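The structure appears right after this line, and notes come after that.
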Amino acid sequence: MRALMLRTRRHLDDLAMQGMPLATPADAKRELLAADPRWADANTWNVLARAIRPLTAAYLLRAVDHRGTADGSIVAMSADEGAYVPILARTFWISLIVTAIVVALGYPLTYWLAQLPERRQRRVLMAVLIPFWTSILVRIAAWMVVLPREGLVNRIGMSMHLFDSPLTLLYNRTGVIISMVHILIPFMVLPLFAVMRGIPSTYQRAAISLGSHPFGAFWRVYVPQTVPGVAAGAMLVFISALGYYIAPALLGGAGDQMLSYYIAYFTNTSINWGLAAALSVLLLVATALLFAIYRLLAAWRPGARRQA
């Protein structure tokens with residue numbers, strides 16, 4: 001339809017430049033058919049009639065890889081035409097990987113931080129928060145210096161004989177995940193530290209004095225008390241990762257862009273605000289559903305029922 005409108009517009013502009021006005025409806029019909037024979041098809045006019053309504057579902061359907069037919073039914077697009085549902089799945093997958101890595105790194109870091117004396121706690125917590133206060137663009141620019149084939153990471157790895165040839169860490173998904181983990185790890189440490197700080201260390205010592213193995217005391221006594229902090233931090237990291245734009249745009253390749261990149265593209269570059277709004281609604285609804293599922297799981301947690 002876009003090609004049809006552009007071709008017709010060029011044809012009518014040529015007529016106007018030649019001084020050939022369309023005086024009668026018959027003239028307009030003749031010139032439309034001369035521009036493109038599809039103007040003789042009633043389906044073309046049905047599509048235009050639906051598109052000029054004040055409210056239309058065309059962009060929302062396009063955002064979920066569906067389209068409306070001439071008879072008003074809704075059909076799925078082919079694999080070659082549809083793109084946004086796979087992009088949404090990629091967005092969720094990258095966010096899930098980043099969240100898992102942040103939890104795996106943030107939990108032992110926070111546990112170690114919580115066991116430190118108060119004076120050292122403040123210093124280490126300040127070291128965690130300094131990157132948090134730094135501009136995201138500055139941190140990503142730093143990774144663009146550290147991660148290239150001639151960068152610091154590859155030089156150190158090759159000097160220590162960890163690998164023989166430089167690793168490709170930039171302009172792919174690896175670089176995106178590394179930068180997002182670095183940016184989002186404070187979002188895991190802060191809520192988890194608030195929970196761990198309130199757990200008395202005497203609980204573990206009491207379990208060990210009663211015959212439990214130190215790891216068993218940690219796993220059965222300490223870890224269950226940190227579950228609310230882990231859940232809150234993981235949800236905060238995951239939702240923040242869903243909307244990331246700068247890191248994939250600067251450090252990722254063509255197959256690593258997340259949904260927010262296309263929202264920005266349609267807003268600022270192609271000026272297709274309708275599709276940008278539809279993709280924003282898709283991301284918002286997906287995030288809201290995820291949060292609703294999290295609330296349901298939190299409400300069904302055995303401890304939550306007893307507290308209620």
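The values are calculated or read from the model by the stated rules, or taken from the named source; none is laboratory data. Because the structure is a prediction, the values reported are computed rather than measured. We place every Cβ from the backbone using ideal geometry, glycine too, and count neighbours over all the protein chains shown.
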Query raised in the report: What tally of residues in segment 117-158 results from selecting those that are part of a helix (DSSP H, G or I) and either in contact (Cβ under 8 Å) with a residue 24 or more places away in the chain or hydrophobic (A, V, I, L, M, F, W, C) (or both)?
Result: 25
Report summary line: Scanning segment 149-180 residue by residue, the ones that are of a type outside the set (Val, Ile, Thr), out of contact with any Pro (no Cβ under 8 Å at 6 or more places or on another chain) and crowded, with 19+ Cβ neighbours inside 10 Å total 3
Query - Complete set of residues in segment 200-218 that are polar (S, T, N, Q) and either in contact (Cβ under 8 Å) with a residue 12 or more places away in the chain or part of a helix (DSSP H, G or I) (or both) - result: 201, 202, 204, 209
Report summary line: Of the listed residues (249, 206), the one being under 20 Å from residue 93 (Cβ atoms) and among the small types (Gly, Ala, Ser) is 249
Query raised in the report: Identify, please: which residue in segment 248-276 is more than 16 Å from residue 87 (Cα to Cα) and either of a type outside the set (Val, Ile, Thr) or touching a residue at least 40 places away in the same chain (Cβ under 8 Å) (or both) and is, among those, surrounded by the fewest Cβ atoms within 10 Å (Cβ to Cβ)?
Result: 268
Query raised in the report: Of all the residues that make up segment 58-77, how many are among the small types (Gly, Ala, Ser), surrounded by 14 or more Cβ atoms within 10 Å (Cβ to Cβ) and either modelled with pLDDT of 80 or more or assigned to a loop (DSSP other than H, G, I, E, B) (or both)?
Result: 1
Query raised in the report: Quick one: is residue 234 closer than 25 Å to residue 284 by Cα and crowded, with 17+ Cβ neighbours inside 10 Å?
Result: yes
Query - Residue check for residue 102: of a type in the set (A, V, I, L, M) and either under 21 Å from the mean Cα position of the chain (by Cα) or not assigned by TED's automatic domain parsing to the domain that holds residue 183 (or both) - result: yes
Query raised in the report: Is it the case that some residue within segment 219-236 is within 18 Å of the chain's Cα centre (by Cα), part of a helix (DSSP H, G or I), of a type in the set (Val, Ile, Thr) and at pLDDT 85 or above?
Result: no
